[in-house]
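**Student:** Quick one: this structure, given as structure tokens, is what I'll be asking you about.
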Amino acid sequence: MSEAALKRRPAPVAYDIDRLEEGVLAGERAVLARAITLVESRREDHRALARALLERLLPHTGGSHRVGITGVPGVGKSTFLEALGTGLTAEGHKVAVLAIDPSSRRSGGSILGDKTRMADLAADRRAFIRPSPSAGTLGGVARASRETILLCEAAGYDVVFVETVGVGQSETVVAEMVDLFLVLMLPGAGDELQGIKKGILELADLLVVNKADGERFPLARRAARDLSSALRILQPDVGPWQPRVMTCSSVDRTNIDQVWLAVCEHRAALEGAGMFEQRRAKQHVRWMWAQLEDRLMQLLQDAPAVAEALPMIEADVEAGKRPPTVAAETLIGLFLGR
């Protein structure tokens, strides 16, 4: 590499764990952003630093409402979040939005730019928006979303929204990292139940028909009735919380406060039944297994023997010369040195 090229290369990022801990606990948004970049990194030295930082901050986590929000593209997730988020900050809450963007297949980076679509909330000093690429992760969730939630809680954010891609991927991952799973729906999109995955309705704690304004208001009311009927079939009345269907308008900001009231009532119901902390504890165990799977996959891909043989094995599988099960066992054998 030429001397000029070497001069153009950015210097390696250095992280001061003491400074990161101090800045996150002080609620400094720039430091929080650096801490999130650290936990998102796949570099081995960064992984060790991220673990140390999370261990230090863990006693300061767990105090937020964790709300997952999904819905098909065009349903108005960002507009809804801005309406709800600015209302909450006006009441004194600190709001973090983890907006998981679809990833560019070329660069791996985010392509939607949620900050530009939530301009008022992004400018709010009591809010923090972090767009992160999903990188193809199941459920439209960035790999380090769970760790990012902890960092935001340590920084004093008492409401954390996880906005997912909403492009038909499994939303189970989202539901297992939040306290309440909210699904936004569109009114008047033909048969309201057509194309809605049964699994999403089974996971939903709250269904909200957005854009219930103007000429669409009767359509939204009808959609809400249809969805309520579907929920009674898919989620029988068991447990302390019966999933609800609501309508709202993010543009007119009608019923937005009622949606948040329902979020708070959901938490109160779970806490009253002694199920809130139990649910989080089980999520932590599943979180551990998810991290283990991610780490083992990374170690497998980084193993020199696997990296060398992988292109040929993938080509054989693609050409039908080797069964996928045999290919998988071969890669595991190379990884284990058998």
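Residue by residue, here is whether (1) under 22 Å from Val67 (Cα atoms); (2) touching a residue at least 12 places away in the same chain (Cβ under 8 Å) holds:
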| position | (1), (2) |
| --- | --- |
| Arg253 | yes, yes |
| Leu296 | no, no |
| Leu300 | no, yes |
| Pro324 | no, no |
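**Student:** In the stretch 270-290, what count of residues is obtained for those that are of a type in the set (A, V, I, L, M, F, W, C), assigned to a helix (DSSP H, G or I) and surrounded by 14 or more Cβ atoms within 10 Å (Cβ to Cβ)?
**Tutor:** 4
**Student:** Now for a different question. Any chance the stretch 231-244 includes a residue that's open to solvent by less than 50 Å² (accessible area, probe 1.4 Å), in contact with a Pro (Cβ under 9 Å, 6 or more places away or on another chain) and outside any helix (DSSP H, G or I)?
**Tutor:** yes
**Student:** Quick one: which helices (runs of 4 or more DSSP H) sit completely within the stretch 9-123 and have at least 1 residues that are modelled with pLDDT of 90 or more, among the small types (Gly, Ala, Ser) and open to solvent by less than 30 Å² (accessible area, probe 1.4 Å)?
**Tutor:** 17-25, 29-40, 44-57, 77-90
**Student:** Scan the stretch 147-167 for residues that are modelled with pLDDT under 95 and assigned to a loop (DSSP other than H, G, I, E, B) and jot them down.
**Tutor:** Across the stretch 147-167, the qualifying residues are Thr164, Val165, Gly166, Val167.
**Student:** Out of Arg253, Arg267, which single residue is at pLDDT below 95 and open to solvent by 30 Å² or more (accessible area, probe 1.4 Å)?
**Tutor:** Checking each option against the conditions leaves just Arg253.
**Student:** Please go through the stretch 201-233 and pick out each residue that is in contact with an Asp or Glu (Cβ under 8 Å, 6 or more places away or on another chain) and farther than 18 Å from Phe80 by Cβ.
**Tutor:** Listed by number, the residues that qualify are Leu203, Arg222, Asp226.
The values are calculated or read from the model by the stated rules, or taken from the named source; none is laboratory data. None of the values given here were measured: they were computed from a predicted structure. When we count neighbours, we look across all protein chains shown, and the Cβ atoms used for this are built from the backbone with ideal geometry, even at glycine. We work out accessible area using only protein heavy atoms, side chains counted, and drop any ligands, DNA or RNA first. Shrake-Rupley method; radii C 1.70, N 1.55, O 1.52, S 1.80 Å.
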